[in-house]
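Note sheet for the following structure.
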Amino acid sequence: MPLPLVYHDDYSPPFPVEHRFPMEKFRLLHEHLQDSLPAAVYHQPALCPADILALAHDPAYIARYLAGELPREEQRRLGLPWSAALARRTVRAVGGSLLTAELALQHGLACNLAGGTHHAHYDQPSGFCIFNDLAVIARYLLASGRVGRVLIFDCDVHQGDGTARLLAGCAGAVTVSLHCERNFPASKAHSDWDIALPAGLGDAGYLKTVDDALDYLLPVYQPDLVLYDAGVDVHKDDALGLLELSDAGIAARDTAVLRHCLERDIPVAGLIGGGYDRDRRVLARRHGILQHSAARIWQEFGMT
């Protein structure tokens with residue numbers, strides 16, 4: 001069986017073309033991967049049920065957002081214009097991350113073509129994030145008994161503050177955030193493991209940090225699943241990143257994370273995380289480094 005990928009056309013709803021958030025990148029990523037990874041198998045996710053969203057979010061907030069009734073201050077914190085299509089996309093993308101985790105548990109590895117919305121909080125949005133798929137997945141899989149421990153390895157350039165707060169005190173969930181110390185959010189949360197990196201670190205220092213972290217954390221926690229937020233806003237050309245990684249550095253990072261986990265028989269669900277570039281096709285190819293790295297690892301490990 002080829003590598004399982006998760007995608008739905010809802011991922012890129014109609015959106016203002018001049019907006020800072022690159023909503024079309026999900027569609028462009030899908031097009032790129034159809035051309036460059038033709039053997040991959042795509043799975044279409046369902047909408048995430050409201051009761052599962054409510055494992056990590058206030059039901060009143062869920063209802064308020066879906067009805068388009070966010071107050072002005074919450075809308076400002078989100079930074080995205082509300083529409084019914086965007087609301088549907090949001091719930092679909094969480095369903096996609098949930099399906100990705102289930103496929104990873106079944107096959108050892110799977111990747112979503114969206115996900116990693118780590119700034120969303122219990123009862124409010126933040127930083128382009130509405131519902132926190134990482135926290136929702138962790139709480140759902142733990143509550144259902146599918147796993148006993150989930151480790152979230154967040155390599156987005158920004159700290160996963162929402163994830164840290166939503167999973168604080170959650171037995172079985174381990175939050176790890178590798179992020180640039182001088183970046184959004186201004187007020188940091190407390191993950192189980194915060195690894196704050198200096199601006200301009202570059203490939204070599206970053207990759208050593210990844211290797212050292214996983215060499216220590218995976219044997220200590222022995223998770224049943226790793227949720228990997230593979231943000232590409234660490235790239236040297238990203239509009240919001242400061243860590244100065246190259247394409248090769250991102251590929252080496254993704255490969256290292258997947259190999260560290262699979263060598264220990266730990267399933268991995270890959271989510272694309274953040275990425276911002278005016279050239280949206282270049283950005284889509286940059287996000288596609290995750291799926292290409294996963295396809296190589298899938299073949300290397302002889303996975304089915």
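The values are calculated or read from the model by the stated rules, or taken from the named source; none is laboratory data. This structure is a prediction, so every number in the text was calculated from the model and none was measured. Virtual Cβ from ideal backbone geometry, glycine too; neighbours counted across all protein chains shown.
Here is a yes/no grid of residues against (1) touching a Lys or Arg at 6+ places or on another chain (Cβ under 7 Å); (2) part of a helix (DSSP H, G or I):
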residue: His30; (1), (2): no, yes
residue: Asp35; (1), (2): no, yes
residue: Pro45; (1), (2): yes, no
residue: Cys48; (1), (2): no, no
residue: Asp51; (1), (2): no, yes
residue: Arg64; (1), (2): no, yes
residue: Gln75; (1), (2): no, yes
residue: Trp82; (1), (2): no, no
residue: Ala93; (1), (2): no, yes
Please find, within the stretch 254-304, the residue that is modelled with the lowest pLDDT out of those that are under 24 Å from Leu240 (Cβ atoms), touching a Pro at 6+ places or on another chain (Cβ under 9 Å) and not acidic (Asp, Glu).
Arg278
For the condition without any contact (Cβ under 8 Å) to a residue 40 or more places away in the chain and over 30 Å from Gly172 (Cβ atoms), what is the one hit in Asp279, Asp212, Asp203, Asp238?
Asp279
Residues that are in contact (Cβ under 8 Å) with a residue 40 or more places away in the chain and surrounded by fewer than 18 Cβ atoms within 10 Å (Cβ to Cβ): does the stretch 102-113 have at least one?
yes
Anything in the stretch 274-283 that is farther than 21 Å from Asp154 by Cβ and either of a type outside the set (Lys, Arg) or in a loop (DSSP other than H, G, I, E, B) (or both)? List them, or say none.
Arg278, Asp279, Val282
Selection count, the stretch 207-236, where residues are in a helix (DSSP H, G or I), out of contact with any His (no Cβ under 8 Å at 6 or more places or on another chain) and not aliphatic (A, V, I, L, M)
6
Of the residues that sit in the stretch 169-198 and are part of a loop (DSSP other than H, G, I, E, B) and in contact with a strand residue (DSSP E or B) (Cβ under 6 Å, 6 or more places away or on another chain), which one is farthest from Leu243 (Cα to Cα)?
Asp192
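Per-residue answers, yes or no, for (1) aromatic (Phe, Trp, Tyr); (2) touching a residue at least 24 places away in the same chain (Cβ under 8 Å); (3) touching a strand residue (DSSP E or B) at 6+ places or on another chain (Cβ under 6 Å):
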residue: Ala40; (1), (2), (3): no, yes, yes
residue: Ala46; (1), (2), (3): no, yes, no
residue: Asp51; (1), (2), (3): no, no, no
residue: Ala67; (1), (2), (3): no, no, no
residue: Leu70; (1), (2), (3): no, yes, no
residue: Arg76; (1), (2), (3): no, no, no
residue: Leu80; (1), (2), (3): no, yes, no
residue: Ala85; (1), (2), (3): no, yes, no
